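To keep things clear, I will list the structure first and then write my remarks on it.
The numbers here are math on the coordinates, done by the rules we state, and not lab data. Given the structure is predicted, the values throughout are model-derived calculations rather than measurements. With ideal geometry, Cβ positions are generated from the backbone for all residues, glycine too; neighbour counts draw on all protein chains shown.
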Ligand code: NAD
């Protein structure tokens, strides 16, 4: 099996990476930075976001697995003590590459005065005004929905619903649902301005267009990446055609991860 490692660069992650390479050689795996079958992210959820964007053009043929060197992550559920067990699974399990779960992504099509470009996000993309309030029209399936005024808008994937979206009081969606969620950031609601005020979930094949007021500079974030645009015309978001594959060598149900990350021990 061909693999590569993306790591956070801190001391524990570097040590874990070295150990992984050592074991990979022992178990007959091949290091391939260009075309890996599997990418091992060592660090936290942010490291997995980096790994995802590094290999975003190979989602059809690459799967991901995460080792957490800090607290338990949503995308990083192996701990450094289990590296040998993980390498053994990868090298010796004949079905290793087919043991994956596939999670939906959000596709965004950005139209600027320079043309159109598509991107996908694993967690979410957000839109904020740089000079102050974001003023933007929201259209759902080509119908006017609302005029948004506020800090910004967050459009997340189901697996990203536990990240930024959760801080905005959005719902947590199971990643088996092919959907995207639109959550507001501090919308202005009074007798003049009105937005829905709650987050909404769009199914596959629906689309949402965000059309900011012309002449405003917009901050666009895509997972951990960000860019300022002063010539943005609109952004269309949909459930992406591609999905991301995570290698699953042992079960770790999504709701258990949600419980362990946000609730912890249950007190009777
Ligand atoms: P970071 O290192 O500051 O990460 C922020 C936190 O988000 C970390 O604790 C990380 O474990 C957690 N996280 C990331 N993905 C998650 C997921 N799918 N479910 C649950 N928790 C998750 O920042 P970064 O490494 O640049 O990561 C970027 C991400 O940070 C963005 O995709 C966004 O979701 C998140 N973020 C959250 C807020 C917020 O909650 N107010 C604000 C900005 C960014």
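Quick one: grab the alpha carbon gyration tensor of the stretch 24-142, order the square roots of its eigenvalues as a ≥ b ≥ c, and give me rounded if a/c is under 1.5, else prolate or oblate depending on whether a/b is larger than b/c. Note, shape of the stretch 24-142 comes out prolate. Working from Cα positions, state the angle (0 to 90°, nearest 10) between the long axis of helix 83-92 and the longest principal axis of the chain. Rounded to the nearest ten degrees, it is 80.
Counting every alpha-carbon pair across the stretch 162-230, the share separated by more than 14 Å comes to 71%. Name the residue, out of 183, 91, 136, whose mean-square fluctuation peaks in a Gaussian network model built on the chain with Cα pairs under 10 Å. Top of the fluctuation ranking is 91.
For the pair residue 35 and residue 261, a Förster radius of 30 Å applied to the C-beta separation gives a FRET efficiency near 0.35, rounded to the nearest 0.05. Residue ranges 3-15, 204-216 sort as 3-15, 204-216 when ordered by packing (mean number of other C-beta atoms within 10 Å per residue, highest first).
Top mean-square fluctuation among 16, 113, 47, Gaussian network model of the chain, C-alpha springs under 10 Å? Greatest mean-square fluctuation among the candidates belongs to 113. Going from the fewest other Cβ atoms within 10 Å to the most, the residues 29, 90 appear in the order 29, 90.
Largest mean-square fluctuation among 115, 73, 132, in a Gaussian network model of the chain whose springs join Cα atoms under 10 Å apart, belongs to 115.
Each peptide in 166-178, 57-69 gets a packing score, the mean of other Cβ atoms within 10 Å over its residues, and the list from highest to lowest is 57-69, 166-178. For the chain, the orientation-averaged shadow of the C-alpha convex hull comes to 16.6 nm² (one quarter of the hull surface). Treating the Cα atoms of the stretch 33-86 as identical point scatterers in vacuum, please give the log10 of the normalised Debye intensity I(q)/I(0) at q = 0.13, 0.27, 0.30 Å⁻¹, two decimals. Summing over Cα pairs of the stretch 33-86 leads to -0.29, -1.02, -1.14.
With respect to the chain, whose longest principal axis is taken over its alpha-carbon atoms, helix 45-54 is tilted by about 90°. Each Cα pair under 8 Å and six or more residues apart adds its sequence gap; the mean of these over the residue count of the chain is a relative contact order of 20 percent.
Could you tell me how many degrees, from 0 to 90 and to the nearest 10, lie between the Cα long axis of helix 11-26 and the main elongation axis, the longest principal axis, of the Cα atoms of the chain? It is inclined by approximately 50 degrees. Put in order of Cβ neighbour count within 10 Å, fewest first, the listed residues 126, 112 become 112, 126.
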